[in-house]
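Inspection log for the structure reproduced underneath, given as structure tokens.
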Amino acid sequence: MKKTMIGVVAGICLLMTSCSNMNQVLSAISNGGVVNAITSVIGLDKVSAANLIGSWRYSGPGCAFTSENLLAKAGGEVAAVQIEEKIAPYYQQVGISSSNTYITFNQDGTFSSKIAGTNFSGTYTFDEKSQQIKLKGLLLSINCYTKRELNGISILFEGKKLLNVLQTMAALSGRSDLQTIGELSKQYEGVRVGFDMKK
């Protein structure tokens, strides 16, 4: 069933994409982009509260569409792959890695994390319906969203919210280079960006 669905999605992407975008589609397929098409929209494959518990480490840039309508546009999944590819060098530039970007969700409603090496901890609430996570620390509160991935989850932010998060982290750590990623994230409407995470 899963292979059939992937085939259907791949077929739709190919049919809806013009010849001028064909190379981008083929590139996305070869990079595994179309395989992830089913989970490229927030809420299509939801994370449960039980799934969220545990420690998650950064594995790469993440993004997801906020509407199924965006997947109906030609090259929708290709666009997601391209966004991740554009963000990746910025993440690398500021040294975001699995060793300095991670989060642990505990059953008692507390969390601890590092974002680009800056500590952030406190309490959280999770709304399974909207997939929204509210992180509340001593000096900072952050709203983000999660989505299930084939090999983990993504922690995602609205473009402007990611900018706010990174600006705050930059202020706390004294690193102005983190703001560059936030500026980049403002370019994308209808897409949430952040981090792919694995246990």
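Per-structure values
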item	result
FRET efficiency, 1/(1 + (r/R0)^6) with R0 25 Å, evaluated for Gln92 and Lys129 via beta carbons	0.10
Residue-normalised accessible area of the stretch 107-147, expressed per residue, 1.4 Å probe, Å²	55 Å²
Cross-link pairs Lys147/Lys198; Lys86/Lys161; Lys161/Lys199; Lys46/Lys134; Lys114/Lys161; Lys86/Lys134 - those with Cα-Cα distance over 22 Å	Lys161/Lys199; Lys86/Lys134
Probe 1.4 Å - accessible area at Glu85, Å² to nearest ten	100 Å²
Net length gained if the chain between Thr104 and Asn143 were fully extended (0.36 nm per residue, minus Cα distance)	12.5 nm
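The values are calculated or read from the model by the stated rules, or taken from the named source; none is laboratory data. Keep in mind the model is a prediction, meaning the values are calculated, not measured. Cβ atoms come from the backbone with ideal geometry, glycine included; neighbour counts cover every protein chain shown. Each accessible area value is taken on the protein alone, full model and side chains, heavy atoms only, with ligands, DNA and RNA left out. Shrake-Rupley method; radii C 1.70, N 1.55, O 1.52, S 1.80 Å.
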